[in-house]
Amino acid sequence: MVYQIRRECDRIKRIYKYNLPETGGVLTLNIPPIYQILKVDLQNNNPVFWAIIYPEEENKKYQITGLWTGMEYEEKDGTYIGTLTIDELVYHYFIREVYDGTR
């Protein structure tokens with residue numbers, strides 16, 4: 001039996017770091033397409049996330065939503081990417097791609 005592994009050899013990937021909202025709310029980022037989010041954490045007391053991205057491709061618009069425990073979650077908030085405790089508050093982060101209608 002032979003297995004073939006599908007490779008994306010023509011697409012360069014890099015790991016980049018991006019800021020997250022420091023309080024509950026929404027942050028909009030125009031960044032290269034995200035392949036995978038690796039980690040959400042604090043760096044120098046600032047919330048950040050690391051992601052594998054396609055740096056040579058056209059930027060996409062993403063919204064990051066930070067909700068603290070007890071806030072209402074809606075499907076439009078996006079996909080869960082991680083949780084952080086900042087100054088005794090627990091923040092849950094979600095991401096979604098924002099389409100501008102041109103695709």
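Structure notes:
- The set of residues in the range 27-50 that are assigned to a loop (DSSP other than H, G, I, E, B) and either within 21 Å of Val98 (Cβ to Cβ) or touching a Leu at 6+ places or on another chain (Cβ under 7 Å) (or both) comprises Pro32, Pro33.
- Across the range 76-103, the qualifying residues are those that are farther than 20 Å from Gln36 by Cα and not in a loop (DSSP other than H, G, I, E, B), and the one among them that is nearest to the chain's Cα centre (by Cα) is Tyr91.
- Criterion (exposed (fewer than 13 other Cβ atoms within 10 Å of the Cβ) and modelled with pLDDT under 95) met by exactly one of Asn44, Asn59, Asn30: Asn44
- Residue check, Thr69 out of contact with any strand residue (DSSP E or B) (no Cβ under 6 Å at 6 or more places or on another chain), more than 27 Å from Arg14 (Cβ to Cβ) and of a type in the set (Ser, Thr, Tyr): no
- Inside the range 82-96, residues that are more than 20 Å from Gln63 (Cα to Cα) and touching a residue at least 12 places away in the same chain (Cβ under 8 Å) make up a count of 2.
- Residue match in the range 16-26 (condition: at pLDDT 95 or above, in a strand (DSSP E or B) and among the β-branched types (Val, Ile, Thr)): no
- Odd one out for Val26, checked against (1) farther than 25 Å from Asp10 by Cβ; (2) of a type in the set (A, V, I, L, M); (3) within 10 Å of the chain's Cα centre (by Cα): (3)
- If you go through the range 69-82 and pick out every residue that is closer than 15 Å to Glu22 by Cα and loosely packed, with under 13 Cβ neighbours inside 10 Å, you end up with 1.
The values are calculated or read from the model by the stated rules, or taken from the named source; none is laboratory data. Computed from a predicted structure; not experimentally measured. Ideal geometry is used to build each Cβ from the backbone, glycine not excepted, and the neighbour counts take in all protein chains shown.
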